[in-house]
Amino acid sequence: MRILCAGPTTLTPEVEGAMQGIVTNPDLDPEYEVFHRRVEKKLSRVVGTERPTVIMLGEGMLALEASVCSLMEKGERVLVMTNGVFGAGFADYVKFFGGEAVIYDKDHRHGFDVDELRDFLEEDSDFAIATMVHCETPSGLTNDMRAICRLLKDYGILSIVDCVSSFGGEAIDFDKDGVDMMLSASQKCLSAPTGLSMITISEAAENKMRRRAEPIPSYYMNVLNYMSSQEDFAFPYTMSEHLTYALDKALDRWKERDAVRLHRVYGELTRKLFIEEGFELYPKDSYSDTVTAVVVPEGMTATDLLKRCREKGVFISKGVGPLHDRIFRIGHMGANITEENFRALFHVLDEVFGELGRTTHFSERFEQSGRIDS
């Protein structure tokens, strides 16, 4: 089966093999702590910073909830910026921990307009924190994180940014982009096993957490617990040693592949082929380099399209929420990106659309595009 969905992504044999190296006790072995902290520094280097990144045991949603739990204090106003399904979800976390969520809801087919946001903040900027998603995989959008976070800083607002689907796939400079808490996960562009969340933390965010009037209302989701060794143990709970080994190997693989360039090249190629074949891309601008969202042609459904592709050995994604059957999505993400995978994808799409009454020439166009180094 070839995985071309919006995540989780394919595991290479090297990454799978790294999980076999369970040889110690991460609770008791000081050498494991040294190794673990080294992997965290590798993660920080992916986004060009010396600021700490912490690894938390849990799927990527853990980072989203933990960031709000740790950074926000009860009663604070939080600007929840949304132009997609995941952006809207931050409002729930804010409410869970006693904050006031103010929804800034914009067109899901466009990236955030920075000038429009500036006009909004001129009227109301009384926010401690703002949340947003960098790459909204349900919409196929990548927002201008640098312009937005720098603008928020002008108003003294700290930022929490969900980069789960862009970390390692889009060009990110944590310090220059002005992010305060950057959230990521193992199973997307890095192509490590599902099960680890990561948070990169600015100095301003760390200072706010340490100066809270009331303690962080969680132990498991308390980001400060992960930033330094505990009194008796290095970590607040037993780490999953085999997942950390696999993540370390995946980070080495990421660096070897010049992964950001590969994501950009395959993203541009995928969009180009669909446009040339007369399909409508769901986003109108701010296209993602990790996932392409395409409007399902009239008379078809995403459910049927995915079923036919799956029967021919290719996994792609359909929409989420209201877009459930209106769009389908191609994940040019992580270890999914190989010439063989995309050759198979476009061959299958030609077959499936042919069965549904629409002639396409994806395979021919892909071959004419020339070999892409993967």
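The table below lists the values:
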item: For region 250-262, 3J(HN,Hα) per residue [Karplus equation, 6.51 cos²θ - 1.76 cosθ + 1.60, θ = phi - 60°, Hz, x = Gly/Pro]; result: 5, 5, 5, 5, 4, 5, 5, 8, 6, 5, 4, 5, 4
item: Size of charge dipole - the chain - debye, nearest 20, with Cβ of Lys, Arg +1 and Asp, Glu -1, no other charges; result: 580 debye
item: Percent of beta bridges antiparallel (DSSP, the chain, rounded to nearest 5); result: 50 percent
item: Student exercise, region 312-358 dipole from Lys, Arg, Asp, Glu Cβ charges, in Debye to nearest 20; result: 200 debye
item: Estimated vicinal HN-Hα couplings, Hz - region 57-65 in sequence order (Karplus 6.51, -1.76, 1.60; Gly, Pro = x); result: 7, x, 4, x, 4, 4, 4, 4, 5
item: Full-extension gain in nm, residue 100 to residue 150, via 0.36 nm per residue minus C-alpha separation; result: 15.7 nm
item: Derived scalar couplings ³J(HN,Hα) [region 124-130; Karplus, 6.51 cos²θ - 1.76 cosθ + 1.60; whole Hz; x for Gly, Pro]; result: 7, 10, 7, 10, 7, 9, 10
item: Neighbour-limited loop hits for GluC sites (Glu not before Pro), region 1-55 (at most 14 other Cβ within 10 Å; DSSP other than H, G, I, E, B); result: 50
item: Cα Rg, Dmax (largest Cα-Cα span) when computed across region 235-374, Å; result: 17.0, 57
item: Volume per residue that the Cα convex hull of region 188-254 spans, once the total is divided by residue count, Å³; result: 121 Å³
item: Per residue accessible area of region 273-374, 1.4 Å probe, in Å²; result: 43 Å²
item: Fraction of accessible area attributable to carbon and sulfur, region 110-220 (%, probe 1.4 Å); result: 43 percent
item: Amide hydrogen neighbours beyond the local backbone of residue 198, cut-off 5 Å, H modeled; result: 56, 184, 185
item: Unsatisfied cross-links (Cα-Cα over 25 Å) in the set 176/284; 95/284; 176/255; result: 176/284; 95/284
item: Sequence-distant residues sharing a close amide H with residue 166 (under 5 Å, placed H); result: 135
item: Square roots of five times the Cα gyration tensor eigenvalues for the chain, Å; result: 35, 27, 16
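The values are calculated or read from the model by the stated rules, or taken from the named source; none is laboratory data. None of these values were measured; they are calculated from a predicted model. We place every Cβ from the backbone using ideal geometry, glycine too, and count neighbours over all the protein chains shown. To get the accessible areas, we keep the full protein, side chains included, count just its heavy atoms, and leave off ligands, DNA and RNA. Shrake-Rupley method; radii C 1.70, N 1.55, O 1.52, S 1.80 Å.
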